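K.L.:
Quick one: this structure, given as structure tokens, is what I'll be asking you about.
The values are calculated or read from the model by the stated rules, or taken from the named source; none is laboratory data. Just so you know, these numbers come straight off a predicted model, no measurement behind them. Positions of Cβ are backbone-derived with ideal geometry, glycine not excepted, and every protein chain shown enters the neighbour counts.
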Amino acid sequence: MRQRGIPLTFDFWNQTAGFQINQTLIPYDTLSSYGQAFWVGVANTLLVSACGIVLATVIGFLIGISRLSNNWIAAKVATSYVEVIRNIPLLLQLLFWYNAVLKPLPAPKASIALPGGIYLNNRGIILPAVEFHAGAGLVGIAIVASVAFTIAFSAYASGVQKRTGKQLPVLAVGLLLHTGLPLAAYVAAGSPWTFTYPELRGFNFRGGQQIYPEFAALLLGLSVYTASFIAEIVRGGIQAVSKGQTEAAHALGLPQGKTLRLVVVPQALRIIIPPLTSQYLNLIKNSSLAVFIGYPDLVQVFAGSVLNQTGAAVQVMAITLAVYLVISLITSAAMNAFNLRFALVER
Amino acid sequence: MTTTLPVAAAFHHEYIPATPPPADIRPSPVTWALKNLFSSPFSCLLTVCFTGLAVWLVSQFLSFALINAVWRGDSEVCRANPDGACWSFIGAKLNYLQYGAYPATERWRVDLTQVIGAILIAWLLWRNAPRRNTAALLFFGVYPIAGFALLRGVEAIGLPVIDTTLWGGMMITLLMSVVGIVFSLPLGVVLALGRRSGLPIVRAVCVFYIEVVRGVPFITVLFMANFMMPLFVPEALTPDRLLRPMIGTALFSAAYMAEIVRAGLQAIPKGQYEGAQALGVGYFTMMRLIILPQALTIVIPGIVSTFIGLFKDTTLVAIVGIADFLRAVEAARIDPNWAGPTISSTGYLFAAIIYWFFCFGMSRYSQSVERHLARGHKS
């Protein structure tokens with residue numbers, strides 16, 4: 001390998017990269033090193049995976065529950081969604097979102113204006129930016145405090161229920177805490193943030209927060225695709241809870257909502273979580289398709305640009321594989337821990 | 001006190017005519033709608049929203065793909081019509097999408113290979129077909145070699161050699177999938193057996209391989225196959241540029257196949273193993289004649305869904321410069337002669353329909369097998 005001029009050391013790590021990356025979560029410019037480019041790639045992969053997992057879960061649960069709906073048309077629409085999306089390659093969907101939906105949007109001058117100061121154009125989605133002033137930390141503390149108080153109160157309430165059988169209004173108290181405390185802090189700190197709305201100046205927008213079309217296309221494609229698989233898992237999980245459980249709960253006089261929340265969902269989650277984990281892992285791995293639409297994720301930045309410039313194929317590929325393995329391991333460990341809480345306790 | 005009925009009176013001597021079903025067991029459309037569409041206020045809301053959504057989507061699709069579409073005419077006609085698909089563009093590019101740059105006079109070879117492949121696959125999938133073992137032998141043993149010889153060409157028998165750089169389009173997609181299927185299944189079986197083996201080193205190697213490959217994205221495996229394989233193999237032996245991603249594909253899906261096969265192996269009752277061993281049957285004979293036939297049969301749905309994934313994943317070979325079907329659509333889409341507002345959407349819609357038919361067909365087949373197996377278990 002040395003004969004072919006392929007480096008075998010990690011010297012390249014601190015050399016200047018010299019290429020641009022258009023969206024970075026951590027500071028990066030053309031003078032930064034290859035090592036920094038690597039961290040930019042990792043951060044972008046994590047960002048799109050995390051957003052994708054949240055969005056895919058929400059869509060997937062909605063579609064999965066709709067498939068079981070008593071409403072005929074809702075069930076049919078959800079079924080069609082699953083059957084159509086699942087059977088079309090993800091790459092085709094990504095290219096469609098990127099090249100046929102987001103790229104043909106009008107130029108910034110003719111942007112589509114949505115309510116709330118949001119603009120759509122071929123350079124992405126421009127949102128109003130939030131500017132934090134002194135005192136914003138107070139609101140943050142208030143939010144953390146309200147979460148902590150709610151957890152403490154629900155623990156206390158379940159203790160009371162175990163001892164006396166009385167139910168305390170956990171939901172109402174939680175809601176009150178979650179709206180009241182941050183609102184009070186907001187007023188006390190004197191409106192600690194303001195929105196800056198994007199303005200059209202010359203050929204582009206100034207101010208505001210820009211979401212690049214690459215990111216939007218990747219996020220949309222990944223979550224829409226993965227949601228179709230999650231929907232099937234959710235449907236299977238809920239159907240696997242035997243009908244006798246629901247009927248017994250109704251016979252005991254539990255209303256529909258409580259039957260779902262206390263009887264069906266905990267048992268369904270037990271079946272849902274393991275395959276859901278593997279879908280999350282698939283989503284993370286599929287985020288590497290970013291390379292096809294130019295979103296600077298780990299593969300595009302590191303296994304693409306860095307590999308091409310340094311030629312250090314062995315080291316770069318080894319590091320890339322290691323990063324994906326570590327992300328996969330952490331995700332499955334987290335989901336296993338979550339699963340343990342719901343698993344049947346057997347002797 | 002007991003009374004005895006005359007025996008003859010206890011039996012009917014003629015068939016009782018079938019009674020018609022009760023009048024209200026088949027609901028009228030109105031009662032059906034009340035029950036399934038308007039059972040509650042929330043249900044009414046859902047009905048309105050989803051009906052609106054469905055009507056909008058279907059009408060958009062129909063107007064784009066059929067009503068306003070351009071069926072014949074050149075790029076000028078398509079440019080003038082921004083509301084409908086430009087199917088004449090697909091018509092003009094159809095040969096390219098199917099064969100890539102494969103020489104026109106030799107395309108019968110591709111067709112022949114595909115027809116033979118289709119016949120063999122149909123033979124394998126048809127449950128009651130005679131001599132399925134022969135079909136398996138032909139498909140997994142003879143067909144890959146014969147097909148490759150036919151596609152690439154052998155000078156000795158008068159078939160001119162066609163360089164793999166000219167191959168492209170649908171033929172690459174089908175080729176990649178078939179190669180993946182043909183090689184990943186046996187490899188997966190070997191890995192699954194290795195994972196359940198009693199030899200610690202064999203087991204450790206198999207577990208490591210399966211878990212690592214399943215933990216990394218397919219793209220990185222393709223990168224590895226494309227860039228690393230030439231580094232470790234002497235230049236004279238470096239595989240062809242088309243062969244490298246094929247090896248990557250087969251190695252990648254073998255790991256997934258191994259997990260499916262393992263599930264099948266675990267589902268076989270221990271008595272089957274013990275029974276075979278009690279009869280003095282050796283390990284390989286036992287696996288070949290007793291365990292694997294049962295294990296593979298019950299995991300057919302899983303195997304088919306891995307194939308569906310493999311078929312969809314073949315689109316990723318474009319990253320290492322292979323012109324598969326989707327890549328051909330991309331190349332055709334940006335042809336300046338056809339530039340127009342609807343060309344991209346038309347190309348993607350066409351590709352989506354093609355991929356959808358393949359994948360949906362496979363999933364339907366696996367569902368029918370699943371139903372068949374479920375029936376078998378009940379009776």
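K.L.:
Six or more apart or on different chains, Cβ under 7 Å: which pairs go from a residue in region B:98-125 that's free of Cβ contacts under 8 Å to residues at least 24 places away in the same chain to one that's surrounded by 15 or more Cβ atoms within 10 Å (Cβ to Cβ) and among the small types (G, A, S)? Could you list them?
P.N.:
Once the first residue is free of Cβ contacts under 8 Å to residues at least 24 places away in the same chain and sits in region B:98-125, its partners that are surrounded by 15 or more Cβ atoms within 10 Å (Cβ to Cβ) and among the small types (G, A, S) give B:L120/B:A135; B:W123/B:A135; B:L124/B:A135.
This table checks each residue for (1) buried (at least 19 other Cβ atoms within 10 Å of the Cβ); (2) at pLDDT 90 or above; (3) closer than 18 Å to A:R341 by Cα.
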| site | (1), (2), (3) |
| --- | --- |
| A:V234 | yes, yes, no |
| A:G237 | yes, yes, yes |
| A:G244 | no, yes, no |
| A:A251 | no, yes, no |
| A:P255 | no, no, no |
| A:L260 | no, no, no |
| A:I271 | no, no, yes |
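K.L.:
If you scan region A:124-163, which residues turn out to be exposed (fewer than 13 other Cβ atoms within 10 Å of the Cβ), at pLDDT below 85 and in a helix (DSSP H, G or I)?
P.N.:
Of everything in region A:124-163, just one residue is exposed (fewer than 13 other Cβ atoms within 10 Å of the Cβ), at pLDDT below 85 and in a helix (DSSP H, G or I), namely A:G137.
K.L.:
Test B:F307 against the stated conditions and say whether it is of a type in the set (F, W, Y), closer than 20 Å to A:V101 by Cα, assigned to a helix (DSSP H, G or I) and at pLDDT 90 or above.
P.N.:
On the way: of a type in the set (F, W, Y): yes; closer than 20 Å to A:V101 by Cα: no; assigned to a helix (DSSP H, G or I): yes; at pLDDT 90 or above: yes.
No; evaluated as a whole, the condition is false for this residue.
K.L.:
Got a sec? Which of A:L283, A:L325, A:L329 is buried (at least 20 other Cβ atoms within 10 Å of the Cβ) and within 14 Å of chain B (Cβ to nearest Cβ)? Even if it seems obvious, please write down each step before you answer.
P.N.:
On the way: A:L325 fails: buried (at least 20 other Cβ atoms within 10 Å of the Cβ); A:L329 fails: buried (at least 20 other Cβ atoms within 10 Å of the Cβ).
Result of the check over A:L283, A:L325, A:L329: A:L283.
K.L.:
Name the single residue that is nearest to B:R109 (Cα to Cα) among those in region B:128-151 being touching a residue at least 24 places away in the same chain (Cβ under 8 Å) and of a type in the set (F, W, Y).
P.N.:
Going through the qualifying residues, I end up with B:Y143.
K.L.:
What number of residues within region A:91-106 satisfy the criterion of being under 21 Å from the mean Cα position of the chain (by Cα) and more than 7 Å from every other protein chain (Cβ to nearest Cβ)?
P.N.:
The number of residues fulfilling the criteria is 5.
K.L.:
Any residue at all in region A:33-54 that is assigned to a loop (DSSP other than H, G, I, E, B) and away from every other protein chain (no Cβ under 14 Å)?
P.N.:
First, the residues of region A:33-54 that are assigned to a loop (DSSP other than H, G, I, E, B): none.
No, that holds for no residue.
K.L.:
Looking only at region A:170-184, decide whether some residue is surrounded by 12 or more Cβ atoms within 10 Å (Cβ to Cβ), in contact (Cβ under 8 Å) with a residue 40 or more places away in the chain and not in a strand (DSSP E or B).
P.N.:
yes
K.L.:
For region B:142-154, what are the residues that are at pLDDT below 85 and either exposed (fewer than 12 other Cβ atoms within 10 Å of the Cβ) or of a type in the set (D, E, K, R) (or both)?
P.N.:
B:R152, the sole residue that qualifies.
K.L.:
So for region B:184-195 (the condition being outside any helix (DSSP H, G or I), under 24 Å from the mean Cα position of the chain (by Cα), more than 14 Å from chain A (Cβ to nearest Cβ) and over 24 Å from A:N282 (Cα atoms)), does at least one residue qualify?
P.N.:
Taking every residue of region B:184-195 in turn, none turns out to be outside any helix (DSSP H, G or I), under 24 Å from the mean Cα position of the chain (by Cα), more than 14 Å from chain A (Cβ to nearest Cβ) and over 24 Å from A:N282 (Cα atoms).
K.L.:
For residues in region B:160-180 being part of a helix (DSSP H, G or I) and in contact with a Leu (Cβ under 7 Å, 6 or more places away or on another chain), which is farthest from B:I268 (Cα to Cα)?
P.N.:
Initial filter on region B:160-180 (part of a helix (DSSP H, G or I)): B:164-166, B:170-180.
Then drop every residue that is not in contact with a Leu (Cβ under 7 Å, 6 or more places away or on another chain), which leaves B:164, B:170, B:177, B:180.
Details: B:T164: 44, B:M170: 39, B:S177: 29, B:G180: 27 Å.
Applying the filter and picking the extreme gives B:T164.
K.L.:
Within region B:272-322, track down each residue that is within 14 Å of chain A (Cβ to nearest Cβ) and over 21 Å from B:A258 (Cα atoms).
P.N.:
Going residue by residue through region B:272-322, those that are within 14 Å of chain A (Cβ to nearest Cβ) are B:301-302, B:304-322.
Correct list: B:T315, B:L316, B:V317, B:A318, B:I319, B:V320, B:G321, B:I322.
K.L.:
When B:V329 is evaluated against the numbered criteria (1) under 29 Å from B:Y96 (Cα atoms); (2) assigned to a loop (DSSP other than H, G, I, E, B), which criterion, by number, is the only one it fails?
P.N.:
Tallying (1) under 29 Å from B:Y96 (Cα atoms); (2) assigned to a loop (DSSP other than H, G, I, E, B), B:V329 fails exactly one: (2).
K.L.:
Mind checking whether some residue in region B:254-268 is within 14 Å of chain A (Cβ to nearest Cβ), within 26 Å of B:Y365 (Cβ to Cβ) and polar (S, T, N, Q)? Steps first, please.
P.N.:
So in region B:254-268, the residues within 14 Å of chain A (Cβ to nearest Cβ) come out as B:255-256, B:259-260, B:263.
Now narrow it down to the ones that are within 26 Å of B:Y365 (Cβ to Cβ): B:255-256, B:259-260, B:263.
Then drop every residue that is not polar (S, T, N, Q), which leaves none.
The answer is no, given that none of the residues of region B:254-268 is within 14 Å of chain A (Cβ to nearest Cβ), within 26 Å of B:Y365 (Cβ to Cβ) and polar (S, T, N, Q).
K.L.:
Identify, please: which residue in region B:330-361 is farther than 17 Å from B:T315 by Cα and either under 18 Å from the mean Cα position of the chain (by Cα) or of a type in the set (F, W, Y) (or both) and is, among those, surrounded by the fewest Cβ atoms within 10 Å (Cβ to Cβ)?
P.N.:
Filtering first and then ranking leaves B:G361.
K.L.:
Which one is farthest from the chain's Cα centre (by Cα) among residues in region A:299-319 that are facing chain B (nearest Cβ under 7 Å) and under 18 Å from A:Y28 (Cβ atoms)?
P.N.:
This residue is A:A303.
K.L.:
Right, next: Could you tell me which of the residues A:T277, A:T320 is modelled with pLDDT under 90, crowded, with 16+ Cβ neighbours inside 10 Å and of a type in the set (S, T, Y)? Explain how you work it out, then say what you get.
P.N.:
Values: A:T320 fails: modelled with pLDDT under 90.
The conditions single out A:T277.
K.L.:
Which one of B:S59, B:S63 is surrounded by 10 or more Cβ atoms within 10 Å (Cβ to Cβ), more than 9 Å from chain A (Cβ to nearest Cβ) and touching a residue at least 12 places away in the same chain (Cβ under 8 Å)? I'd like the intermediate steps shown before the answer.
P.N.:
On the way: B:S59 fails: touching a residue at least 12 places away in the same chain (Cβ under 8 Å).
So the residue among B:S59, B:S63 that is surrounded by 10 or more Cβ atoms within 10 Å (Cβ to Cβ), more than 9 Å from chain A (Cβ to nearest Cβ) and touching a residue at least 12 places away in the same chain (Cβ under 8 Å) is B:S63.
K.L.:
Can you confirm whether A:G64 is more than 27 Å from A:A322 (Cβ to Cβ), surrounded by 17 or more Cβ atoms within 10 Å (Cβ to Cβ), in contact with a Lys or Arg (Cβ under 9 Å, 6 or more places away or on another chain) and away from every other protein chain (no Cβ under 14 Å)?
P.N.:
Yes; evaluated as a whole, the condition is true for this residue.
K.L.:
Within region B:309-317, is there a residue that is exposed (fewer than 15 other Cβ atoms within 10 Å of the Cβ) and of a type outside the set (G, A, S)?
P.N.:
For region B:309-317, residues exposed (fewer than 15 other Cβ atoms within 10 Å of the Cβ) and of a type outside the set (G, A, S): absent.
K.L.:
What single numbered condition from (1) hydrophobic (A, V, I, L, M, F, W, C); (2) out of contact with any Leu (no Cβ under 9 Å at 6 or more places or on another chain); (3) within 30 Å of A:Q256 (Cα to Cα) fails to hold for A:I53?
P.N.:
(2)
K.L.:
Which of the residues belonging to region B:211-238 are in a helix (DSSP H, G or I), more than 7 Å from chain A (Cβ to nearest Cβ) and not aliphatic (A, V, I, L, M)?
P.N.:
B:E211, B:R214, B:F218, B:N226, B:P230, B:F232, B:E235
K.L.:
Within region A:143-160, can you find the residues that are under 29 Å from the mean Cα position of the chain (by Cα) and polar (S, T, N, Q)?
P.N.:
Once the filter is applied, which keeps residues that are under 29 Å from the mean Cα position of the chain (by Cα) and polar (S, T, N, Q), region A:143-160 yields A:S146, A:T150, A:S154.
K.L.:
For region A:67-85, which residues satisfy the criterion of being within 8 Å of chain B (Cβ to nearest Cβ), assigned to a helix (DSSP H, G or I) and crowded, with 19+ Cβ neighbours inside 10 Å?
P.N.:
A:I73, A:A74, A:V77 - these are the residues of region A:67-85 that are within 8 Å of chain B (Cβ to nearest Cβ), assigned to a helix (DSSP H, G or I) and crowded, with 19+ Cβ neighbours inside 10 Å.
K.L.:
Also, I was wondering about something else. With the structure loaded, tell me whether B:F227 is out of contact with any Ser or Thr (no Cβ under 6 Å at 6 or more places or on another chain) and buried (at least 17 other Cβ atoms within 10 Å of the Cβ) or whether it fails that test. Show your work before the answer.
P.N.:
Numbers: out of contact with any Ser or Thr (no Cβ under 6 Å at 6 or more places or on another chain): yes; buried (at least 17 other Cβ atoms within 10 Å of the Cβ): yes.
Yes, satisfied.
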